[in-house]
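Colleague: Let me give you the structure first, and then I'll get to my questions.
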Amino acid sequence: MVFTIEEMRPVRDGMTISRNSRLGGITQVTYFSMGKDTSISQESYDRMTMYIGAYGCGQFVIGKDQHTVSLHPDEAIIIPPKTLCGMKTSAPEGLVYTELILEKENTMNDLVKAKEVLNLKELISYEEGSIANVDIVHNDTMKFVLMAFDEGTGLTPHRAPGNAILTALEGTAVIGYEGTDYTLNAGESFRFEKNGLHSVTAKGRFKMSLLLVLE
């Protein structure tokens, strides 16, 4: 089905709530929601972490000097291993985001700088008559990829070797999945099961992110 991360983990007043996405076990993918005026104390992981904004706005408090950056929908931030990171929100709508705890050995695109907020749509450009693809970070068990489809382009039906979540960043596309078509608009997501037959057809220009868990 077509869904939003906010629907999967709705904001509740005064509460911070997490939900396991069940995409994989080695790569831990968790949905978080934080109500207004809630916080998560600084903590560190031995593994690299990535946070992807889905709804609302919140502040990430990074490092011993407690440097603060804001995270909005369709933005992401990567935190190096053993780096303190906490979250807080004061916005009335709260904050919803996805947390990825990654393998220790990762390959990161040179476009990406750790501890800096990334506007995902701006990291990839449209190419005339083509489909553009940028790997943001990957390891043996996962890939996080951005794709830009020029008008009239698409992916023919194929199967992926792992569970995946596709999120529309800009424009509209039709997702074919196991014989049924679904319209996906900016801000909406779609989940593929491992080996599920799927296709992507852009309706005009279309940008998306793809989180593929290879387990």
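Colleague: Would you check which residues across the stretch 79-112 are in a strand (DSSP E or B), touching a residue at least 40 places away in the same chain (Cβ under 8 Å) and farther than 22 Å from E215 by Cα and list them?
Modeller: C85, G86, M87, K88, L95, V96, Y97
Colleague: Quick check: anything in the stretch 51-73 closer than 23 Å to F190 by Cα, in a loop (DSSP other than H, G, I, E, B) and among the hydroxyl-bearing types (S, T, Y)?
Modeller: No: the stretch 51-73 contains no residue that is closer than 23 Å to F190 by Cα, in a loop (DSSP other than H, G, I, E, B) and among the hydroxyl-bearing types (S, T, Y).
Colleague: Continuing with the same structure: If we scan the stretch 132-151, do we find a residue that is modelled with pLDDT of 95 or more, assigned to a strand (DSSP E or B) and touching a Cys at 6+ places or on another chain (Cβ under 7 Å)?
Modeller: Scanning the stretch 132-151, I find no residue that is modelled with pLDDT of 95 or more, assigned to a strand (DSSP E or B) and touching a Cys at 6+ places or on another chain (Cβ under 7 Å), so the answer is no.
Colleague: Also: Would you mind telling me which numbered condition in (1) more than 30 Å from T38 (Cα to Cα); (2) without any contact (Cβ under 8 Å) to a residue 60 or more places away in the chain Y126 fails?
Modeller: It is condition (2) that Y126 fails.
Colleague: Pairs under 7 Å by beta carbon, first residue more than 17 Å from F192 (Cα to Cα) and of a type in the set (D, E, K, R) in the stretch 4-30, partner assigned to a loop (DSSP other than H, G, I, E, B) and open to solvent by 80 Å² or more (accessible area, probe 1.4 Å), six or more apart or different chains?
Modeller: Hits for this filter: D13/K36.
Colleague: For the stretch 8-31, give me the residue count where each residue is open to solvent by 30 Å² or more (accessible area, probe 1.4 Å) and outside any loop (DSSP other than H, G, I, E, B).
Modeller: Counting residues in the stretch 8-31 that are open to solvent by 30 Å² or more (accessible area, probe 1.4 Å) and outside any loop (DSSP other than H, G, I, E, B) gives 7.
The values are calculated or read from the model by the stated rules, or taken from the named source; none is laboratory data. Predicted model only: the values in this text are computed from it and were never measured. Glycine also receives a Cβ, built like all others from the backbone with ideal geometry; neighbour counts cover every protein chain displayed. Calculation scope for accessible area: heavy atoms of the full protein, side chains included, ligands and nucleic acids excluded. Shrake-Rupley method; radii C 1.70, N 1.55, O 1.52, S 1.80 Å.
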